[in-house]
1. Which of the numbered conditions does L141 fail, given that it passes all the others? Conditions: (1) closer than 15 Å to W60 by Cα; (2) at pLDDT below 95; (3) surrounded by 14 or more Cβ atoms within 10 Å (Cβ to Cβ).
2. Within the group I85, I101, which residue is free of Cβ contacts under 8 Å to residues at least 24 places away in the same chain and over 17 Å from F136 (Cα atoms)?
3. Scan region 39-54 for residues that are of a type in the set (A, V, I, L, M, F, W, C) and over 13 Å from the mean Cα position of the chain (by Cα) and report the count.
4. Condition first: over 11 Å from N37 (Cα atoms) and of a type in the set (V, I, T). Now tell me which residues in region 66-84 satisfy that.
5. Return only the number of the condition from (1) aliphatic (A, V, I, L, M); (2) surrounded by 21 or more Cβ atoms within 10 Å (Cβ to Cβ); (3) at pLDDT below 95 that A109 does not satisfy.
6. From the list V74, V52, V78, V100, which residue is over 18 Å from F121 (Cβ atoms) and of a type in the set (A, V, I, L, M)?
Amino acid sequence: MKVVAIFLLLIATSVSVETRSSEVEPLSKLNGLIEENQGKVIYLDFWASWCVPCRQSFPWLNQMQKKYESDGFVVIAVNLDEETINASKFLQKWPANFPVIYDSKGITASHYQLKGMPTSFILDRRGNIAVNHVGFFGSKLTDYEQQIVTLLKTQSLKKGASNES
C-alpha cells in the first residue's frame with residue numbers, strides 16, 4: 001500500500017512540475033523579448049482573434065513600428081486565444097510585422113492584470129510601464145502616437161544627459 005501511495009505521489013509531482021514549466025513558458029518568452037529589446041521603447045500589446053478593435057490596431061501597430069523602428073521602437077504582441085488556429089486565421093487577414101507570443105492559458109495576462117481586450121502597455125527604455133491602454137480607439141490614434149514619440153524623445157535626452165554625469 002505504501003509503495004502505491006509513493007508511486008502516485010511521484011507521478012502527481014512530476015505532472016505538476018511539467019505543467020508549471022509549460023505554464024511559465026509564454027511569460028519567460030515575453031521577458032526574453034523585453035530583455036532582448038532593452039533600451040528601446042516597447043509597445044506591448046495583448047490581443048485575441050475575437051477582439052474587434054484588434055483588427056484596427058494591427059495595421060496601425062505595423063505602421064508605428066515601421067515609422068519609429070530606427071528611433072528605438074518595437075512592438076511585441078501576446079495572443080491570448082485558447083486555440084492558436086484562431087490566432088493564425090486572424091494573422092492571415094491582419095498580419096503582424098512584429099513578434100507574437102502565444103499564451104493560450106493566459107499566464108501573461110494574469111501577470112499583467114489585464115482589465116480588457118485589447119490591453120497595451122508602453123514600456124520606456126528602462127523597461128518600466130509608462131503608459132497603459134485598455135481598448136483601442138481610432139479617435140485616439142494621435143494621442144497614442146504622441147505618447148510613443150514623447151517616450152522616444154524624453155528617454156533619448158535623459159540617456160544622453162546621464163552619460164555626462
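1. The single condition L141 does not satisfy is (2).
2. I85
3. Result for region 39-54: 4.
4. Of everything in region 66-84, those that are over 11 Å from N37 (Cα atoms) and of a type in the set (V, I, T) turn out to be V78, T84.
5. Status for A109: all satisfied but (2).
6. V52
The values are calculated or read from the model by the stated rules, or taken from the named source; none is laboratory data. Just so it is clear, the structure is predicted and the values come from calculations on it, not from any experiment. Note: ideal-geometry Cβ built from the backbone for every residue, glycine included; neighbour counts use all protein chains shown.
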